[in-house]
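To start, the structure itself, in structure tokens.
Every number here is computed from the coordinates shown, using simple stated rules; none is lab data. For clarity, every value in this text was computed on a predicted model and none was experimentally measured. Reconstructed Cβ throughout: ideal geometry from the backbone, glycine too, with neighbour counts over all protein chains shown.
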Amino acid sequence: MDRPRRVGRPWYVPEQYEALRTSLVDGGKPPPEYEMWSVATERVERKVRRSGVEVVRVPIEADVFTAWCERAGLSRDALARARFAAVALEVEAMT
């Protein structure tokens, strides 16, 4: 299987972070503080970029994500967040 050239990473803005965490079924997994989450996420992004893959931050807002999950019949968890980011990249590529 070929390695992707681009990957979407769910990205949260500080103002949305707490609302998103509390709306997730796995809301206990992300760190309670935004700063802790962003430092860890940026570390992962750097590692992915070093491997030659472009990282595209896909903003996720709690209400938009919740509605998307409901329409798609998905649980609001890490797998759904990754899928949301991947779908956003696909849609972007088609436009």
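A few points about this structure:
- At most 16 other Cβ within 10 Å, DSSP loop - GluC sites (Glu not before Pro), the chain: Glu33, Glu61
- Candidates per trypsin sites (Lys or Arg not before Pro) in region 1-93, loop by DSSP, up to 14 other Cβ within 10 Å: Arg5
- Positive-pole candidate from Pro32, Pro10, Ala72, dipole of the chain, charges at beta carbon: Pro10
- Other residues within the sphere of radius under 9 Å centred on the Cβ of Val48, judged by their own Cβ, net out at +3 (K and R +1, D and E -1).
- Cα centroid of region 1-39 to Cα centroid of region 66-95, whole Å: 13 Å
- Net charge over other residues, Cβ less than 15 angstrom from the Cβ of Val25 (K, R count +1; D, E count -1): +2
- Close amide H partners of Arg57, meaning residues 5 or more places away or on another chain with modelled amide H under 5 Å apart, are Arg9.
- Three-way shape call for region 1-59 based on the alpha-carbon gyration tensor, with the a/c threshold at 1.5: prolate
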